[in-house]
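Notes follow the structure.
The values are calculated or read from the model by the stated rules, or taken from the named source; none is laboratory data. What you are looking at is a predicted structure, and each value in this text was computed from that prediction instead of being measured. Please note: Cβ atoms are built from the backbone with ideal geometry, for glycine as well, and neighbour counts cover all protein chains shown. Only protein heavy atoms, including side chains, enter the accessible area calculation; ligands, DNA and RNA are left aside. Shrake-Rupley method; radii C 1.70, N 1.55, O 1.52, S 1.80 Å.
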Amino acid sequence: MFADLETAAALADGDCTVPQNWAAYTPDEHRVWDLLFQRQVDLLPGRAAPEFLAGLDMLRLDQPGIPDFAALSDKLMAATGWQVVAVPGLVPDAVFFEHLANRRFVAGRFIRSRDQLDYLQEPDVFHDVFGHVPLLADPVFADYMQAYGKGGLRSIRYGALHKLARLYWYTVEFGLLRTDAGLRLYGAGIASSASESRFALDDPSPNRIEFDLQRVMRTQYRIDDYQQTYFVIQSFDDLLRQTLETDFAPLYAALDAQPDLPADAILPADTIVSRGTQAYRSGGL
Ligand code: PHE
Ligand code: FE
């Protein structure tokens, strides 16, 4: 997949990072960022978690367009000790976790083309940076991401990576948060998508269920379409506390004895925030 020499060298190097090559972006690539950025900034007030909205300022650098990771990392480092580093594409799981455990977020450097504003197969710099960086500026979420990285390395040793990956999916990528003003989105996969920002909160189709650690780690997910279920956390503090205070090793063992759950399952023990109609069906976005 990564046939070019720079990429091969990066993989051989072990940490898989490459220079962002910020100067190589074309004016049109910067305009695609600005377009996507403005669209989400207009859409997210009243939809995104207050912590996410507060973190958006992190992305406002001296010049418009795709953020320069070096300048972005300087700001983020001052706020929470995180950095953003460029990678050529998907990296091996252990490498990904190792970066997170050291407070480095890996981001793709390419940007989608103008005719793919709404759908792409692989995360690009807009998803990775707009979706993920705002919450890395939040001290609690910043700690959660680091703890997740350490837990990820541990899950590999227990052969339980696919279970822990579901926790990432249903929180970091597609999580919802309960607030006094109503449900808010915080997952990067939602926050970086105009259509899913609406679907996740407003559409009657998906289930919205209160977050439960074991339940989430049993639940399959879709990578090619909107989620059929979103899990709602009480607060970032609660998410961090639950995951830090729980030793996952016995959980992994217990979960081995239980069947996986389909993405649209509802269990008697679930606390349902809103029961979905599951009327939305498509063959992919
Ligand atoms: N406590 C988890 C373990 O024992 C690690 C973890 C922390 C996982 C935070 C996810 C998020 O493996
Ligand atoms: Fe992501």
May I ask you to say which residue of LEU72, LEU53 is within 30 Å of LEU177 (Cβ to Cβ), modelled with pLDDT of 95 or more and open to solvent by 30 Å² or more (accessible area, probe 1.4 Å)?
LEU53
Within segment 124-157, count every residue that is surrounded by 22 or more Cβ atoms within 10 Å (Cβ to Cβ), away from ligand 1 (no atom under 16 Å from the Cβ) and either small (Gly, Ala, Ser) or closer than 19 Å to ALA94 by Cα (or both).
2
Those residues of segment 18-34 which are more than 21 Å from the chain's Cα centre (by Cα) and not β-branched (Val, Ile, Thr) amount to PRO19, ASN21, TRP22, ALA23, ALA24, TYR25, PRO27, ASP28, GLU29, HIS30, ARG31
Checklist (1) assigned to a helix (DSSP H, G or I); (2) surrounded by fewer than 20 Cβ atoms within 10 Å (Cβ to Cβ); (3) more than 16 Å from ligand 1 (Cβ to nearest atom) applied to GLU196, failing item:
(2)
Enumeration of residues in segment 165-188 that are open to solvent by 10 Å² or more (accessible area, probe 1.4 Å), in a helix (DSSP H, G or I) and either over 17 Å from GLN242 (Cβ atoms) or not basic (Lys, Arg) (or both):
ALA165, TYR168, TRP169, GLU173
